[in-house]
Amino acid sequence: MSAPTSPATEPSRNSWLDRSLNTIERVGNKLPDPAVLFALFMLAVWVISWALSGVSFSEIDPRTGQPIQIINLLDGTAFTGFMAKMVSTFVSFPPLGVVLVAMLGLGVAEYTGFINAGLRSILSFTPKMLLTPVLVAVGILSHVAVDAGYVLVIPLGAVIFYAAGRHPLAGIAAAFAGVSGGFSASLFVPSSLDPLLAGLTQASARLSADPAAASLVINPLNNYFFTTASAFLIILIGWFLTDKVIEPRLKATVVDGDPASLPTMEDLTAQERKGLRFAMLAMLLTAAALIVSASMEGSAWRGTDGTLTHSTAPLMQSIVALILVFFLVPGVVYGYVAGTVKNHRDVIQGMSKAMSGMGYYIVMAFFCAQFIYAFGQSNLGALFAIKGANALKEMALPMGVTLMGIVLLTAMVNLLVGSASAKWALIGAVMVPMLMQLGVSPDLTQAAYRVGDSSTNIITPLMPYFPLIVVFCQKYVKSTGIGTLIALMLPFSVTLMVLWTAFLLGFWALDLPLGIGSSYNFPANNG
């Protein structure tokens with residue numbers, strides 16, 4: 001039996017929304033792969049640098065006090081220098097090692113089943129009235145395992161809603177809102193996105209013509225307080241929209257999937273529960289050891305100024321290594337106790353599997369690193385930043401309006417370019433140094449980017465996991481298509497963009513700290 005026609009199950013093929021989204025999909029499908037895009041942009045930088053190398057500009061380069069000059073990258077000396085430094089440019093690319101090291105620990109935790117068991121445990125004892133907010137929260141929490149939320153939490157959302165007598169598509173919508181709509185949020189636990197974006201922000205900040213940029217260090221947790229507070233905002237938005245807007249619209253949508261094929265949420269086995277208890281104990285003991293050693297007077301974790309939170313303190317410089325440890329230790333303990341690993345070779349297999357999944361990222365990082373290096377060497381970034389800053393100064397727009405512009409720009413680009421790191425590498429290379437010229441810190445610019453990037457994740461068919469979510473929906477409602485899912489998620493997208501942007505502006509207006517080692521101004525006035 002097919003589902004009855006309703007706005008949720010059969011959107012009009014001639015609606016303006018359907019036509020607009022079809023156009024976006026066609027245009028997006030014609031774009032090259034992000035890795036190829038970076039290669040093409042690098043070639044464009046070479047050509048533009050050659051074309052502008054003989055042009056005299058009136059803008060003064062603060063680094064030299066002289067009019068800025070574009071360097072011709074096709075000149076023999078510049079080109080051979082680029083080739084000679086190609087390997088070092090790649091291996092010293094800030095996000096590369098950061099992401100790979102973090103993934104070693106996360107990979108083991110996911111491979112042994114520790115993350116899976118932890119998420120199932122949280123969802124298993126949740127009261128029905130709190131089902132929606134907890135599901136959204138778990139979706140946000142799943143970010144620590146990078147893409148685990150898409151393949152684990154979202155289908156589980158449908159399962160637990162269906163088991164509770166609620167519409168399974170509402171469960172998918174709530175989980176999708178947490179996993180993807182709240183992709184830039186973090187529920188106390190930092191995600192792999194934090195060091196990834198911070199690394200790209202630092203690379204972009206070094207393109208600034210300001211001499212202070214050369215010594216600027218971006219803390220991987222520079223947006224931690226903002227993203228943690230944002231998690232609670234997203235939970236409230238997801239809770240309200242799912243229960244008051246989405247689920248009522250789904251009442252007429254019949255669940256017509258094959259009952260025999262509908263999944264069920266399995267309870268944790270006794271062995272899994274035992275493994276989870278020992279794993280959490282191991283994590284707590286590891287945390288206790290870190291806290292005790294860091295709190296001691298004269299601790300080696302402290303910086304030269306005696307504090308733990310300064311960007312030069314070993315503790316702050318060890319964030320990525322600590323992410324590795326805090327998932328590797330409980331992951332291994334869980335695996336041995338639950339019986340999912342038998343020996344050290346299984347642990348290494350988990351790391352290897354995680355690294356094998358990073359192959360595409362490594363390829364993209366190579367071309368991204370070369371583009372950023374060429375962009376910086378050419379002085380084009382500095383020129384654009386100075387010209388952009390001068391234009392913004394002449395326009396005399398309030399800073400709040402400028403921040404809203406960054407959010408909107410990112411949200412629009414996100415409809416065509418799915419990768420968060422690819423977009424930030426492109427947008428950040430211009431926006432970060434440009435706003436630094438206006439005295440805006442890279443921390444604030446990055447926070448604005450994160451809001452725009454997350455808000456439209458859930459409505460772009462070009463997001464890599466979007467077709468997978470459609471398949472999840474079709475297990476319950478066979479007529480589900482891309483338009484159905486977009487119509488389902490559009491209220492979340494619009495609401496997130498408006499309220500999350502206002503939330504950021506509130507942080508800025510109240511001068512609340514964005515994160516550890518962060519500031520609103522450049523150069524920072526807090527040391």
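Suppose we filter SER88, SER56 for residues that are within 30 Å of ILE362 (Cβ to Cβ), modelled with pLDDT of 80 or more and among the hydroxyl-bearing types (Ser, Thr, Tyr); which single one remains?
None of the other options fit; the residue is SER88.
Can you name every residue in the stretch 162-192 that is open to solvent by 10 Å² or more (accessible area, probe 1.4 Å) and more than 27 Å from ASN222 (Cβ to Cβ)?
Listed by number, the residues that qualify are TYR162, ALA163, ALA164, GLY165, ARG166, HIS167.
If you check every pair at least six apart or on different chains, which have Cβ atoms under 6 Å apart with a residue in the stretch 193-210 that is over 13 Å from ASN223 (Cβ atoms) and open to solvent by less than 10 Å² (accessible area, probe 1.4 Å) first and a residue that is in a loop (DSSP other than H, G, I, E, B) and at pLDDT 85 or above second?
Matching pairs, first to second residue: ALA205/LEU216.
How many of the residues in the stretch 480-527 are touching a His at 6+ places or on another chain (Cβ under 9 Å) and either part of a helix (DSSP H, G or I) or over 17 Å from PHE225 (Cα atoms) (or both)?
1
Any residue in the stretch 25-52 that is modelled with pLDDT under 75 sitting within a Cβ distance under 8 Å of a residue that is part of a helix (DSSP H, G or I) and of a type outside the set (S, T, N, Q)? List the pairs, counting only those 6 or more apart or interchain.
GLU25/ILE482; LEU31/LEU37; PRO34/MET364; PRO34/ALA422
Quick test of your reading of the structure: ALA374 fulfils all but one of (1) surrounded by fewer than 20 Cβ atoms within 10 Å (Cβ to Cβ); (2) aliphatic (A, V, I, L, M); (3) under 30 Å from MET434 (Cα atoms). Name the failing condition by number.
So ALA374 meets the others, but not (1).
Inside the stretch 213-231, can you point out the residues that are more than 17 Å from the chain's Cα centre (by Cα) and within 23 Å of ALA185 (Cα to Cα)?
VAL217
Mind checking whether some residue in the stretch 144-166 is modelled with pLDDT under 90, among the basic types (Lys, Arg) and part of a helix (DSSP H, G or I)?
no
Please work out if GLY339 is over 22 Å from the mean Cα position of the chain (by Cα), of a type in the set (Gly, Ala, Ser) and surrounded by fewer than 17 Cβ atoms within 10 Å (Cβ to Cβ).
Considered against the rule, which asks whether it is over 22 Å from the mean Cα position of the chain (by Cα), of a type in the set (Gly, Ala, Ser) and surrounded by fewer than 17 Cβ atoms within 10 Å (Cβ to Cβ), GLY339 comes out as yes.
Against the conditions (1) in contact (Cβ under 8 Å) with a residue 60 or more places away in the chain; (2) assigned to a helix (DSSP H, G or I); (3) out of contact with any Cys (no Cβ under 9 Å at 6 or more places or on another chain), where does SER184 fall short? Just the number, please.
(2)
For the stretch 452-470, indicate whether the set of residues that are open to solvent by less than 40 Å² (accessible area, probe 1.4 Å), touching a residue at least 12 places away in the same chain (Cβ under 8 Å), among the polar types (S, T, N, Q) and touching a Phe, Trp or Tyr at 6+ places or on another chain (Cβ under 6 Å) is non-empty.
yes
Would you pick out the residues in the stretch 114-126 that are of a type in the set (A, V, I, L, M, F, W, C) and in a helix (DSSP H, G or I)?
Across the stretch 114-126, the qualifying residues are PHE114, ILE115, ALA117, LEU119, ILE122, LEU123.
Looking at the structure I just gave you, is ILE140 over 19 Å from LEU241 (Cα atoms) and either of a type in the set (Phe, Trp, Tyr) or at pLDDT 75 or above (or both)?
no
Could you say which residue among LEU268, LEU233, LEU241, LEU290 is crowded, with 16+ Cβ neighbours inside 10 Å and outside any helix (DSSP H, G or I)?
Residue meeting the stated conditions: LEU268.
The values are calculated or read from the model by the stated rules, or taken from the named source; none is laboratory data. All of these numbers come straight from a predicted model, not from anything done at the bench. Cβ sites come from the backbone with ideal geometry, for glycine too, and all protein chains shown count toward neighbours. Areas reflect the complete protein model, heavy atoms only, side chains present, ligands, DNA and RNA absent. Shrake-Rupley method; radii C 1.70, N 1.55, O 1.52, S 1.80 Å.
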